[in-house]
1. Sort out which residues of the range 33-53 are open to solvent by 90 Å² or more (accessible area, probe 1.4 Å) and either among the polar types (S, T, N, Q) or within 40 Å of the chain's Cα centre (by Cα) (or both), and write them in order of number.
2. Take Ser99 and tell me if it is surrounded by 10 or more Cβ atoms within 10 Å (Cβ to Cβ) and at pLDDT 75 or above.
Amino acid sequence: MRFESLIEKVHEAEHALEARERQTAADWRQCKASWRSLWTPGRLISVGLASGFLVGKVEPAKHVVRGSGALQMLSAVAGLFAGGSAQAAAGHAQHAAHSAQQTAAVAEVDVDPRHLEPHTPESLRAAGLL
């Protein structure tokens, strides 16, 4: 195919796309106009009354589904178990802290800071640490 024929095909496709866009926009405007014309004041009031009636019928059913406090009892029992496990964890943490204090007391060494020599870069290099 020649380059000019390819360009002509692209122009035809662009024109077809623009025509489809215009048709879609016109269809959308018609749909919006039809939708708005369908919602007359009488229909709005009747739909509002019907939806209010349905909500009024569904609300009492929600109370029956809740199980009249069964969910509250279940959450209270879960809180009880969570509180017990938290108390046990606190006891373990206290025991670990006490063990750490005992270990630190045993590991303490009486060292006079006057007998410690300060580390200088030269002493660290001589020890092979730098």
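The values are calculated or read from the model by the stated rules, or taken from the named source; none is laboratory data. Please read these numbers as outputs of a predicted model, since none were measured by experiment. Because the Cβ atoms are built from the backbone with ideal geometry, glycine has one as well, and the counts that use them run over all protein chains shown. Note: areas computed on protein heavy atoms with side chains; ligands, DNA, RNA excluded. Shrake-Rupley method; radii C 1.70, N 1.55, O 1.52, S 1.80 Å.
1. Trp35, Arg36, Trp39, Leu44, Ile45, Leu49, Phe53
2. Numbers: surrounded by 10 or more Cβ atoms within 10 Å (Cβ to Cβ): yes; at pLDDT 75 or above: yes.
In short, yes.
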